[in-house]
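Notes follow the structure.
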């Protein structure tokens, strides 16, 4: 639908609305009935190429097209290169790190083993130089028990004084002199019956060498174990017994001091018990302190 246009009547100046034509239009005034011609409006002249402004965002492209021989100015900040890391290289690096750590760990273990071996060798040489090839751990008498292969043993108490014995006629006698009496208490934890043979008055074979219970002072001076052949029993002594599981027994070992030595001359005594008496091997060691020895009657000579 065409758009109406308006014009003024040249006779009466009345505003006339008309339908414009392509070239010219005959218009009749609705007020004075005058007839006049209205020329069609001319379209505006198109601008020439020289007058057409070039948009700013296209000016660079136009310059390049018009001047193909022009050189491109390089950018002052080139785009940084991007490198892709190989997965194989990552795995290889991780493997090398693990190998280095394992080598360091293995070297530390080897060094520790060598150090421990050298230390043990030096300790063994030192013990052999001191006349003792076995490392000894003493248990404090009266304070702790020793557990070995289902067998428990501890020193109940130690006395220094006369001992009581029974002769052939079952008459009890008391010794005139004082002796060391070490009272032991034992318990079996074995499921099968166990045979116990007292250390008092007996020796036990260990690879062809006879082993006996010994008592020495802190300097290694020995105390002798007297054996009374003319008596049938010593108070507190158990010569032999069969122990069932959880069975208990007590025994007493007798020692005498070296000639000219008083009981007060000792700071501590060291008791060694070979375990062949119950079918085992090796030794158990107890340390008896001076203050833990009871003095019973008479002068402590």
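Annotations
- Among (1) part of a loop (DSSP other than H, G, I, E, B); (2) touching a helix residue (DSSP H, G or I) at 6+ places or on another chain (Cβ under 9 Å); (3) touching a residue at least 12 places away in the same chain (Cβ under 8 Å), the one test that residue 143 misses: (3)
- In the range 221-253, the qualifying residues are those that are over 27 Å from residue 189 (Cα atoms), modelled with pLDDT of 90 or more and not in a strand (DSSP E or B), and the one that is farthest from the chain's Cα centre (by Cα) is 226.
- The range 183-216, subset more than 22 Å from residue 147 (Cβ to Cβ) and touching a helix residue (DSSP H, G or I) at 6+ places or on another chain (Cβ under 8 Å), residue surrounded by the most Cβ atoms within 10 Å (Cβ to Cβ): 202
- Annotation note: of 287, 267, 262, the sole residue that is in the same structural domain as residue 164 (by TED's automatic domain parsing) and touching a helix residue (DSSP H, G or I) at 6+ places or on another chain (Cβ under 6 Å) is 267.
- Residue in the range 187-195 that is assigned by TED's automatic domain parsing to the domain that holds residue 285, assigned to a strand (DSSP E or B) and within 20 Å of residue 297 (Cα to Cα) present: no
- Any hit, the range 117-126, residues being surrounded by 10 or more Cβ atoms within 10 Å (Cβ to Cβ), assigned by TED's automatic domain parsing to the domain that holds residue 274, at pLDDT below 90 and over 23 Å from residue 269 (Cβ atoms): no
- Take the conditions (1) more than 48 Å from the chain's Cα centre (by Cα); (2) assigned to a loop (DSSP other than H, G, I, E, B); (3) on the phi < 0 side of the Ramachandran plot; residue 170 misses just one of them, which is (3).
The values are calculated or read from the model by the stated rules, or taken from the named source; none is laboratory data. All of these numbers come straight from a predicted model, not from anything done at the bench. Please note: Cβ atoms are built from the backbone with ideal geometry, for glycine as well, and neighbour counts cover all protein chains shown.
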